[in-house]
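Below is one structure, written out as structure tokens, with a few remarks after it.
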Amino acid sequence: MIQLDLIERVMQLTAGVDEAGRGPLAGPVIAAAVILPVERGIAGLKDSKKLTAAARERLAVEIKAKALSWGIGRADISEIDEINILQASLLAMRRAVAALAIAPQLVLVDGDHCPELDCQVTAIVRGDQTVPAISAASILAKVSRDLEMIAMDRLYPGYGFAQHKGYPTRQHLQALAAHGICAIHRRSFGPVQRYL
């Protein structure tokens, strides 16, 4: 019984981590870290890209209500341009874990790169499809970033940030050609450099 309690405690101190926003030409990269309780599951968790915006927003509310702890971290455009998008993503992940109210004993990260942390870290390719805590982190990161890009659309009208969230869609590339770059464009990214 003691061993079972110990296993359950360790499981409860496992954080899932994922990021949103590595591919866009504009805006920050945002990461989330989530520690889910073992005893209370959340139905419908999966890779945030496989959910509708409405489903993500509904699940984000439930995740925040049921998680033992959750945190958001970010790396801004200047950091992305200075240290590159991979390093900025790892920095956002470190900040998300640091924002947790409970220090995890194990961190499971989506993908094949791990941030440097003071605890054990394991990368899991497609972890957002198989590990509930990573799925939850994927959802929180995506919802947080989408809301920020919708706000940026009001500050920088004409680019369509509310629709494409900064990704290199035809609409976005046409807006770049018509208006040039704005303050939230990533100057180190090739399609943006053409307009510097």
field: Stretch in the chain that is longest and holds no GluC sites (Glu not before Pro) that DSSP places in a loop and that have at most 15 other beta carbons within 10 Å
entry: 117-196
query: In the chain, how many lysine pairs have Cα atoms under 20 Å apart, counting only pairs 8 or more places apart or on different chains?
result: 12
task: Sort out for me the Cα centre separation of region 142-180 from region 29-87, rounded to whole Å.
output: 20
query: Fewest to most neighbouring Cβ within 10 Å: what's the order for Phe161, Phe189?
result: Phe189, Phe161
- request: Would you mind getting me the FRET efficiency between Ser188 and Val61? Use the beta-carbon distance for r and R0 = 45 Å, nearest 0.05.
  value: 0.80
Table column - 3J(HN,Hα) (Hz), region 105-114, Karplus curve with 6.51, -1.76, 1.60, x for Gly and Pro: 8, 9, 10, 9, 10, 6, x, 10, 10, 10
field: Debye-sum result for region 137-184 in log10 I(q)/I(0), which assumes one identical scatterer on each alpha carbon, at q = 0.17, 0.23, 0.26 Å⁻¹
entry: -0.47, -0.78, -0.93
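Where does each of Ile35, Ile63 land when they are ranked from fewest to most other beta-carbon atoms within 10 angstrom?
The order, fewest Cβ neighbours first, is Ile63, Ile35.
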statement: For Ala53 and Ile102, extending 7 Å from Cα along the Cα-Cβ vector and measuring point to point gives, in nm, a value of 3.3
- line: Counted neighbours (other Cβ, 10 Å), sorted fewest up, put Tyr159, Tyr167, Tyr195 in the order Tyr195, Tyr167, Tyr159
field: Most mobile listed residue (Pro157, Pro115, Pro24) in the chain, GNM with C-alpha springs under 10 Å
entry: Pro157
query: So for the chain, what are the equivalent ellipsoid semi-axes in whole Å, largest first, each being the square root of 5 times an eigenvalue of the Cα gyration tensor?
result: 33, 17, 12
Separation in nanometres of the label points that stand 7 Å from Cα toward Cβ, at Thr122 and Asn84: 2.8
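Every number here is computed from the coordinates shown, using simple stated rules; none is lab data. Keep in mind it's a predicted model, so treat the numbers as computed, not measured. So basically every Cβ, Gly included, is an ideal-geometry build from the backbone, and we count neighbours across all protein chains shown.
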